[in-house]
Each structure stands twice: as C-alpha cells, then as structure tokens.
1. Search the structure for amide H atoms under 5 Å from the amide H of A:TYR598, placed 1.01 Å from N in the peptide plane, and list their residues when 5 or more places away or on another chain.
2. With only Lys, Arg, Asp and Glu charged, each at its Cβ (+1 for the first two, -1 for the last two), find how big the charge dipole of the protein assembly as shown is about the Cα centre; round to the nearest 20 debye.
3. Give me the inter-chain shielding for B:38-50: mean count of other chain Cβ atoms within 10 Å, whole number please.
4. Taking the stretch B:17-70, which GluC sites (Glu not before Pro) meet the DSSP loop condition and have no more than 16 other C-beta atoms within 10 Å?
5. Ranked from highest to lowest mean number of other Cβ atoms within 10 Å per residue, what is the order of the peptides A:75-84, A:96-105, A:221-230, A:375-384?
6. Per-residue Cβ counts within 10 Å, from other chains only, averaged over A:628-635: what number is that?
7. So for the stretch B:3-68, considering every pair of alpha-carbon atoms, how many percent are separated by more than 19 Å?
8. For peptide B:30-37, compute the average count of partner chain beta-carbon atoms within 10 Å of each residue's beta-carbon.
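Here, each number is a calculation from the coordinates, and none is a lab measurement. What you are looking at is a predicted structure, and each value in this text was computed from that prediction instead of being measured. Please note: Cβ atoms are built from the backbone with ideal geometry, for glycine as well, and neighbour counts cover all protein chains shown.
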Amino acid sequence: MTLLREPDHGTPVKDGAPITLWIDGAEITVPEGTSVMRAASLAERQMPKLCSTDNLEAWGSCRLCLVEIEGVKGTPASCTTPVRNGMRVTTRSDRLARLRKGVMELYISDHPLDCLTCAANGDCELQDMAGEVGLRDVRYGMDGENHFDAASKVEPDTSNPYFQYDPAKCIVCSRCVRACEEVQGTFALTIEGRGFESRVSAGIASDDFFSSDCVSCGACVQACPTATLVEKSVVDQGTPNRTVLTTCAYCGVGCSFKAELQGEKIVRMVPYKDGGANEGHSCVKGRFAWGYATHSDRVTTPMVRDAITDPWRKVSWDEAIGFAADKFKAIQAAHGQGAIGGITSSRCTNEEVYVVQKMIRAAFGNNNVDTCARVCHSPTGYGLKQTFGTSAGTQDFKSVESADVILLIGANPTDAHPVFASRMKKRLRAGAQIIVCDPRRIDLVESPHVKAAHHLQLRPGTNVALMNAIGHVIVTEGLVDEAFVAERCEDDSFARWRAFIAEERNSPEALAPAIGVEADLLRQAARLYATGGNGAIYYGLGVTEHSQGSTMVMAMANLAMATGNIGREGVGINPLRGQNNVQGSCDMGSFPHELPGYRHVSDDLVRTEFELDWGVSLLNEPGLRIPNMFASAIDGSFRGLFVQGEDIAQSDPNTAHVQAALEAMDCVVVQDLFLNETAGYAHVFLPGTSFLEKDGTFTNAERRINRVRPAMPEACGLAEWQVACRLAAAMGYPMDYANAAEIMAEIARLTPTFSGVSHARLDQDGSLQWPVNEQHPDGAPIMHVDGFVRGKGQFMLTKYVPTDEKVGRKFPLLLTTGRILSQYNVGQQTRRTANTRWHTHDTLEIHPHDAEERGIADGDMIRIASRVGETTLIAEISERVPQGVVYTTFHHPISGANVITTEYSDWATNCPEYKVTAVQIFPTNQASAWQTEHEAVLATHYRVAETAAE
Amino acid sequence: MTTADLIRMANQIAANFAAHEEAEAATAIASHLRQFWEPRMRQDLIAASAEGRAEELSPQVLSALALLQQ
C-alpha cells in the first residue's frame, strides 16, 4: 500500500458517558472526558496542533489548538478542554487564524529554514502547521537570538546507533519527554534549563543518549513533530513512500509494525497504533534491530556436504532437496521409520510450522516432531491443559490495565517483553501493586515510579514451595473464593487439594527455610494476592525451566481458581512467551504427542480426520521429544534430523551432549538464515527467510493471530513452506499449496479453534484471538469466561519435590540464566545489528561477597564449572543477585552458557532445567577447553567451497 | 536412550505423583508414560525392569509398568 498515515486525534480515547456537543455546527457525541480537540477531529474538524498526539495526555503548551466556545471567555486550548453536553465550539475564525499565525511566527523565528534538506521534509508537523495557518513571513526575522545559527548551534547527539537528536530543530513541545514517561515508563528524558535555555536532556548534562538510561524504544522519535529526534535511516535514505503492515519476529508480545519502505528497501519500522498487542509502542529490537535481514552473513544458496568437516558445496534447490531426501530415505531403510525426525521453529509462521509437522508425520511417517517450545514453555501447555483444559494463556495484554495485584513470577518483562512491561508499568503508576518473585532484583522491584509491594527473593528451584506456601495461607486463613470454586471447579479435586495444601508441611513456616524467604513475608504476599482486588499472575521461563516446571504452572492455576481470579478482565494466568510464535508453533501440532489443536495422536476420531484429509496413515503413538532425539542419536537409533530455525547447538542444555548427538547423526538438515552453531554439524543447509520476507501469520502470547506480510522478496527464492513441500515430495509424499492462505485454509479446516480464521478475515479484521469458531466468531480475548474449556476447573496436587541438582562443596553456587533487553535468545539476529553496542559479551553476575571470597574483581575473567562442563565469562559484581546465586545471559556462542547447564528437566515435559545449575567459579586467564575447541570448529566446520551454484 | 536416563525420568514422574494415593499414582504414571513417551522408551524401561533394574525404580513406577503391560 502507499504510505499509511494513521489519524492522530490529538488526545487519548476516553471511556465515559456519552456527551453531545456541536463543533462548527456539526453535532457529535463522544465519551465524557474526551477533549474538544479529539471531538473536533472525530467530527472531521482536525485542529492544528504541535504539542499533542493521541497516545499522550494533553499538555496545552503550543497554543495552536485554540478554539472559541459559546459562553466561554477567551480562546481555550482544545486539547486541555473537556467536552460538555450542549457545548458549541468554533474551530475556525479570523481571530483564531490570527492567533495561530502569531504562534507559528514565534516558532519559526527560532527554527532553521532548511526544509528542503531536512530529514523530515514532507513528514514534519511543524512544516504542516506552517502551511495550515498560512504562514508567509516572519515579522521578527531570523537574525535574533536562536538555536540554529552557527554561533549558537549545539551539535546533534548522534551517540545512539539508530536515531539522532538535533537540538537546533527542537520546539520544546515535550512530546518526547512525555512519551518516555507515559508510554515507555522509563523517565530517561527531561527538559533541562528554563525559558530560552530549555533543552531535551537524556539524564544528567554529561549524558548523551547512548550513555543515558534511554532504552531506545523509539517512542520519543515517534512522538517528535519535527526532525529533532529522527531515525538515522531516514536521515541517510530519505522518507519512505510505501507501507507494509506486518508483525515483529522477536518476543511473544508480537507487536504490529508498519514496515516503511522505498521500493523494496526498508527505511524504518514504525509501531502500528491499531496493533492490538502493542497499540503503537515498540522496543529497541522490533523498532530498530531488523538489519540482520539484509546482513552480509545471510546464506541464500542451498549447500550440502557428505561430512561435517568437508567444505560446504553450493548447489541448486533440487540437488539440495534430493540430497537430503536420499539421505533420510537411506537412514529409514537401514534403521527404521522412526530413525529420523524434525524440529519446528517459533520464529516461523503458523503456515510454515504446520507444513513442517505435516511433512514429518505424513512424509517421514512418524511423530518425531518437536519444537523449540520444548525448551521454554512446554510446561505451560501441560499445566494449563490439566487444570483449565487448554494450553494457552487466559488474557489479552490489555487486561493488565484492570489488574490490582500483579504476581510476577520468574519473568523480567522490562528486558524480555519490553512493550508489555510498559503497559504493566503504566498500570503500576496508576496504583496497582506488584509482588515480584525472582531470585534477582529485576527492574520491576524498584525503578522510577515503580516499587514492588514485596520482592520474594526465593532460592532457585523452590517455585512450587512458594506457591504451596501461598496456597496454604489462602486456604487456612479463609481467603478462598468459595462461591467461584463451588460454581466453576470440580468438587472432588478442590476438596483433595484443600486438604493437601492445608497440611502443615505446606505452611510458610515449614517451607520458608527451603524458599529462603521469611514466613511472614510469604503470608503478607498471599493475603495481598487473595484480597487485593483483581489478582493477575504473569510468568516467564523462571517458572517453566525447572524440574517442576509443569507442577509450578498447575500450582499457579490452583491459586487463580481458589481466589476466583480467572475468567474476567484484570486477572488470569499469563505466560509471557519467549519467541513471537511459541503459541502458534504449539497450536500447529508441533509436539510429538499432539496433532494441530492440541489433540492427542491416539484419538482415533481426530487422527482419522487428518488421515482422510492428508491421504495417509498416521501413527497413533507419541514420537520423540528433542532431548529424547539427542539421547537416541547417541545410542545410534536416531540418525537424521530436520531443524527449522532453531539453533539447538547453542540454545539447548549440555552443549557437549548436543554436539555429540549431532555428530552421531548421518544427516542433519538446517533451515536457517545464517550458518549458525548447529549448521557446523549439518550436512544440508537450506536457506530460510526473515520475517520481512514471510507471508503468513504469527500467534502471540495472548493467542492473537496476526498477519505477517512480505516487505521484500525471498532472498533465497523460495518460501520456507515451499522448501518443506519439496522435501516431502522428494520423500514420496506430494504436498502442494498455491500460497500461504491455502495452508491456513487447511489449518482452519482441521483445527476447531482456528475454524473461523483465514487470511482474508485477518486482512479485514486486523487480528483475531483464538478460539475463532462458531461459539466465538470474533475470537476470545479472555478465556474461560463462563466456564473452563474442560468444563469444571481441576485442582492438581502439587507436592514440592526439590531438584536433584544440589549445591555442595564442589559446586556451591547456583547458576540461573536469562536474557537482556538489547539481545534476543541465541543472538543470531541481534548480534548482527548495532544492538551489540549495548551488549558486546555475556557476563556473569556475582554477589560482592561471593566474589570477594574468591578474589574476583569486576571485569575479571572467571572460569565457571558445573558437573557437565566449564566455560569462561567476565565477572560483573552485582547486588542484583543474592549471595549464593550467579546469573548469566546466553546471547554469544563463545560464552558457552549451555556448556554448563545440565540434562535435568521438567518431569512432565522434559523442558530443561536451565534455571538451576550447581557451579563453582574461579579466577582464570585462559579460555576453557570447550572454547578452544569451539574456535577450532569455526575454522573447520564452516568452510564453503568456491564452486558456484548451478 | 540410556537405561539410567529412563529410570531417572520415570522416578521423577513418580515423585511428582507422590501426594496421590498409591493406586491412583500408578494409574497416573502409566497414563503419563502412555501419552508422552515414545513406545521404544516405554519398552526399554519395561525391559530394564525385567532385566534386574527393578530395584532402581520406585514402587509406583513398577505398578505403572505392570498396568502398561496389561
């Protein structure tokens, strides 16, 4: 489409009783609390304005939006004047025109007249307003004291890699400062100085944007009405001229973006105001870190080799697919149908994932399909299905605006889900309370205008004990919502749980020593959650990546049911998904025991439906999970793997074990953008497509199905689903679709929760939150409103079973892992952007006491060892972690964070126990043996032969 | 997969059903193994139990394996 300019009604939407007024004689009815400016805009009498924009509260400083109101003296600002019943407003008159022109004269008298060479030429509100008021000259001239001539100009701040700040063009409207506060909630910006000296400042005077607290979300740039804050890409390339609406491919928030282009070249990504997940906000990754899509490291030609130490040979698609199919067929002939399998990716669209799982079930002839959700949110699927009946979060993101008490467990939204964190912080500033359960002191414990009511700094591995202690208080202190439980939950399972949880062994006093939090604090937190109004639980991988990850999910569901905090706005169980399409990849039947729509492969009726549609017999037994595949590879029974967009050699635990498994296989096929860590052990490389090249859908953490539209053609010439179809055909199972919409039509035909979904419907409605079916024709933002999907809610017994991973004399510290704002998971994408400036290497956070005991200073190189391996990291002395706990990220392969994590996993799903590894650390001055070996592998396993493709 | 891994995983499942009554726990463990374990894993565990590794398995797992073989 041509460049999409969204309407800006000047001030935010309000929700009040209807008010009717007349604007320039036109009658309009709007909610109480609406500004005259907004009402005028809705009545198609758009007001001139500079300091207002409709995602910020009115400010009233620019004086351009003056109006006349019958019976009111003077000319009030329409942005700060609320509507009243019967009000009669005049927006255009000679007097108002004179006043507005006078205001614009003052603005322009201190603004460089360089419009033709300005980066915002054609996209500048100041320019627009000068035009609108008919400004033709400036009576004051341009020679007076100003901010733009050579003598007074302050050089632009270009420290941020993605945008620049030019004070010469600033009109001090404060939109940037207010966006940083109201939208992002970081409070990094301020107006420094008074009067003529007023300037936007990122922190204290000595700070530039890069060194300040600015998180580069881009809200200030978006809010700026001039070229004061502008994307460097616009400065370099010029303004865009067309828009493609699409969805970000980073975290599970799944923000909607306007990809703004010149031809097929992306100029910038701008968050889309009508995007349900983000409503016009963004973070540094989605907004700016998209350059990897055209990075020179992209591999766009298929490659093959016989052995992993051979150089890669560039070949045609046909040869690569034939090579892979021949290898897979040979493996099956020699070792059985179950000797191969595949892994789908949460970075891929629903359509791509669906086709890969179909290829495995129908063409490979087994159920050895798994997905990267295995290592993140598989316990969510298990736990919520057991208790509520379906494997999904219960709320939309907007629901947090109605929460009164937020129980945040094992999640760090300001780093990992920043756009949702901004929503959450906004609600906290409005008065909601937050209980943070995390071994680390994350930003939401205390940051500007946010202070947690409680920080339960539990010992890693004791989540279930914590939930049980809270449940004990709720039950024994009479805080159960008896009416809700009686109406909505199973009598038997509740009675059994009530008896279990009331046992003394589950009391805060009994469990406090294990948890490491005082019993009284546990009691206070429990009372607050149960009695503080709408209680909402939000959680992340700090819940799931434990040996009791599934138990923990069920324990949280128990609490929500017991307190009646489910089935309406402001409450619920909310998994914050790691990748953008974790929900979707699970929905699409990526697990070895489930067909699309979470239906077990042993269900004859369901399986028959697929068999009839696909024209093939399907197995009725579950296949291998990812950890099972690795173990079976090492024992020789599993010998071929198709890996779609997941870097298992970096992301999965116990790297040596994973590498041994990959080395043991006869054929590993990697479909990805880059020669990643796994590709070093692969025999076939099939180029993938970035999200900017994909056509399909992503489903975010709130079950929102969003369209992903191609902004540029596939660099490798084929869509990923086309590659999977060709491989399936080469394996003997013809699979063909005309386009991605046709794949979605098949998904809808076979998946009851998607039965009302189609690309055409999504194009029309923007997005839909499943289930979309006869019962919920327009989707369901909130689930379990009138009843649980399984009928009555089921309480589950959640015995606390301590992990087998114990600290001791040899390994006295507990390592836990996480991610940071600027980088994303294994870093394949973000490491190929300027985001690396914020995070050049992974560090190990260590408490000052633990560091001092070991003679470790900040910045020292340290060796960290667990029972399975060791690596080196740079020490970062920090009181964010408690004594006895160390923490690292895993964004850089050379860090080898997963060299030390172990094979222990969740009892129900085998989700790895990343969050608890017993370790010891020592000062060192040399790389670990693994790191040395890794360097060698880089030299031997990634060579590409010079021969050209056909 | 190694027998040791299978035994560890099965015992871990049993530990998480330890708050249930014994018969119910055995049924739940058997159901879990049937629903989520690839058949070769179940067969290998049953074989290991029959071939002298039974003492490494919790009583609830043994009961579950008996149910699986019915």
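1. A:GLY589
2. Details: 92 positive and 126 negative charges, 248 e Å.
Result for the protein assembly as shown is approximately 1200 debye, rounded to the nearest 20.
3. The mean count of partner-chain Cβ atoms within 10 Å per residue comes to 3.
4. Numbers: sites: B:GLU21, B:GLU22, B:GLU24, B:GLU51, B:GLU55, B:GLU56; in loops: B:GLU21.
For GluC sites (Glu not before Pro) across the stretch B:17-70 that sit outside H, G, I, E and B with at most 16 neighbouring Cβ atoms in 10 Å, the list reads B:GLU21.
5. On the way: A:75-84: 21.3, A:96-105: 17.5, A:221-230: 24.4, A:375-384: 29.2.
The packing order, highest mean first, is A:375-384, A:221-230, A:75-84, A:96-105.
6. Working: counts 9, 2, 1, 5, 4, 0, 2, 4.
Partner Cβ neighbours, averaged per residue: 3.
7. 18 percent
8. On the way: counts 0, 0, 3, 1, 5, 8, 12, 8.
Taking the mean over all residues of the peptide, I get 5.
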